1. Being open to solvent by 40 Å² or more (accessible area, probe 1.4 Å) and charged (D, E, K, R) is the filter; apply it to the range 38-64 and report the residue that is modelled with the lowest pLDDT.
2. Taking the range 65-112 only, how many residues are without any contact (Cβ under 8 Å) to a residue 60 or more places away in the chain, open to solvent by less than 50 Å² (accessible area, probe 1.4 Å), more than 24 Å from Val12 (Cα to Cα) and within 16 Å of the chain's Cα centre (by Cα)?
3. Exactly one of (1) in contact (Cβ under 8 Å) with a residue 24 or more places away in the chain; (2) on the phi > 0 side of the Ramachandran plot is unmet by Gly48. Its number?
4. What are the residue pairs meeting all of these: first residue in the range 1-13, first residue closer than 12 Å to Thr124 by Cα, second residue assigned to a loop (DSSP other than H, G, I, E, B) and not small (Gly, Ala, Ser), Cβ atoms under 6 Å, and 6 or more apart or on different chains?
5. Every residue in the range 1-37 that is part of a strand (DSSP E or B), under 28 Å from Gly112 (Cα atoms) and open to solvent by 60 Å² or more (accessible area, probe 1.4 Å), please.
Amino acid sequence: QLQLMETGGGLVQAGGSLRLSCAGSKRSDSIDPNPVVNAVGWYRQAPGKQRELVASVTSDGTTHYADSVKGRFTVSGHVGAITVSLQMTNLEPEDTAVYYCNAVVRKTFSSGYVNYWGQGTQVTVSS
C-alpha cells in the first residue's frame with residue numbers, strides 16, 4: 001500500500017546535529033487512497049544490535065522517546081499524511097546506526113494494523 005523514503009542521514013562529529021525526514025507515498029497497487037495512520041516514527045539499528053524504537057508520534061499527538069535520546073531528539077510531523085522528521089542534536093558516537101522510518105497503518109478491509117518500513121538512512125557520529 002505504501003512506500004517510505006528517508007533522507008537526511010550523513011556523517012557528523014559528536015555534538016553536532018542532523019535532521020532526518022521521511023515521506024510516505026502510495027504504491028501503484030494501492031487500494032485505499034486515504035489510509036488511517038495510527039503512528040509514525042523512527043527506529044534505528046546499530047551494528048551487532050537489535051532494531052530499537054527511537055521516537056514516534058501517534059495520531060493524537062502523543063510522542064514517545066527512547067530514554068537514550070530524550071532531551072536531545074525531537075520528532076514531529078503530520079501523521080495522517082505520513083510525513084515525519086527527527087531533529088537530532090548533541091549527537092553522540094552511540095547514536096551511530098541505520099535509521100528507519102516506520103508507519104503503522106490500519107488495514108483497509110479488516111481490523112488491525114500493518115507496519116511499513118523505509119529502506120533506512122545511515123547516521124554516523126565520530127568522536
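1. Going through the qualifying residues, I end up with Asp60.
2. Counting residues in the range 65-112 that are without any contact (Cβ under 8 Å) to a residue 60 or more places away in the chain, open to solvent by less than 50 Å² (accessible area, probe 1.4 Å), more than 24 Å from Val12 (Cα to Cα) and within 16 Å of the chain's Cα centre (by Cα) gives 1.
3. So the condition that Gly48 fails would be (1).
4. Val12/Leu91
5. Gln3, Met5, Lys26
The values are calculated or read from the model by the stated rules, or taken from the named source; none is laboratory data. What you are looking at is a predicted structure, and each value in this text was computed from that prediction instead of being measured. Neighbour counts are summed over all protein chains in view; Cβ atoms, including those assigned to glycine, are modelled from backbone coordinates with ideal geometry. Each accessible area value is taken on the protein alone, full model and side chains, heavy atoms only, with ligands, DNA and RNA left out. Shrake-Rupley method; radii C 1.70, N 1.55, O 1.52, S 1.80 Å.
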